[in-house]
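Visitor: This is the structure, below, for whatever I ask next.
The values are calculated or read from the model by the stated rules, or taken from the named source; none is laboratory data. Predicted, not measured: the structure shown is a model, and the values here were computed from it. Positions of Cβ are generated from backbone atoms using ideal geometry, with glycine treated the same way; all protein chains shown enter the neighbour counts.
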Amino acid sequence: MVGLLLSTIATVITLPERLAVGALLRVWRPRRAAPVIILGYYRSGTTFLQFLLDRDPALLSPKWNEALAPQGYVLSWTFLRYLLLPFLGGNRPQDNVSFGSDFPAEDDFALCNWAMASSLPSRHVVPDLEDTYKRFDNLNDLTAAEHSRWSWHQKALVDKMLLLHPRRRALLKSPCHTARIRHLIALFGPETRFIHITRHP
């Protein structure tokens, strides 16, 4: 019941931004450099690498406030922070890495929260629908409509980030991107740069 109430409040609060920015991104896409994308399997050091690279003033990772409310962080974060921050801890439970609204986030969380265009629901919320959402890991078995939903929101996320920081280059990180390389190149162009990290056994 609390989740439904918070969701309803967040929907109302983000409505102006969803209408304004959504309309803007449908008719205008800013010119931008292709993103830098970190690749690697879970627990291989991708988060640490993202934290380091995000310190570069030329790069820009989505932050957790953007990943948790991608449809409403520009205008609405002032209000949404009171709904979301009380539920965020200071560290991630699985590895004790610092965590908070201003820390770099995986863009897959934004795609999940904005468009359900991610495999995350099957891992964390609705495991019974694993067959439905697991297909977002590599995108190869998506329907045309699902692929269009993923690609529009993936590009819109980057474009929205860079609306406020037009001179920076997006830095993205999600383990699933390791299986999406050809789709990411098709989406962002051949200038897309990849950094692959592996963990020594």
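Visitor: Using beta carbons and a limit of 8 Å, which pairs, at least six apart or on different chains, have the first residue in region 9-20 and aromatic (Phe, Trp, Tyr) and the second one surrounded by 18 or more Cβ atoms within 10 Å (Cβ to Cβ)?
Guide: Once the first residue is aromatic (Phe, Trp, Tyr) and sits in region 9-20, no partner that is surrounded by 18 or more Cβ atoms within 10 Å (Cβ to Cβ) comes close enough.
Visitor: Just wondering, is there one or more residues in region 56-65 that are over 30 Å from LEU4 (Cα atoms), of a type outside the set (Ser, Thr, Tyr), modelled with pLDDT of 75 or more and assigned to a helix (DSSP H, G or I)?
Guide: no
Visitor: Let me ask you something else. Give me a count of the residues in region 163-195 that are touching a strand residue (DSSP E or B) at 6+ places or on another chain (Cβ under 7 Å) and over 20 Å from ARG55 (Cβ atoms).
Guide: Residues meeting the conditions: 5.
Visitor: Could you check, for region 121-128, whether at least one of its residues is in contact (Cβ under 8 Å) with a residue 24 or more places away in the chain, out of contact with any Asp or Glu (no Cβ under 6 Å at 6 or more places or on another chain), in a helix (DSSP H, G or I) and surrounded by 13 or more Cβ atoms within 10 Å (Cβ to Cβ)?
Guide: Within region 121-128 (the criterion being in contact (Cβ under 8 Å) with a residue 24 or more places away in the chain, out of contact with any Asp or Glu (no Cβ under 6 Å at 6 or more places or on another chain), in a helix (DSSP H, G or I) and surrounded by 13 or more Cβ atoms within 10 Å (Cβ to Cβ)), the answer is no, since none of the residues qualifies.
Visitor: Condition test on GLN71, is it surrounded by 19 or more Cβ atoms within 10 Å (Cβ to Cβ), of a type outside the set (Asp, Glu) and at pLDDT 95 or above?
Guide: no
Visitor: Need the failing condition index for ASP159 against (1) out of contact with any Lys or Arg (no Cβ under 7 Å at 6 or more places or on another chain); (2) part of a helix (DSSP H, G or I), just the number.
Guide: (1)
Visitor: Quick one: count up the residues across region 21-55 that are touching a residue at least 12 places away in the same chain (Cβ under 8 Å), over 23 Å from TRP114 (Cβ atoms) and assigned to a loop (DSSP other than H, G, I, E, B).
Guide: 5
This table checks each residue for (1) modelled with pLDDT under 90; (2) closer than 20 Å to ILE37 by Cβ; (3) not aromatic (Phe, Trp, Tyr).
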position: GLN94; (1), (2), (3): yes, no, yes
position: ALA105; (1), (2), (3): no, yes, yes
position: CYS112; (1), (2), (3): no, yes, yes
position: ALA115; (1), (2), (3): no, yes, yes
position: LEU129; (1), (2), (3): yes, no, yes
position: TRP150; (1), (2), (3): no, yes, no
position: LYS155; (1), (2), (3): no, yes, yes
position: HIS183; (1), (2), (3): no, yes, yes
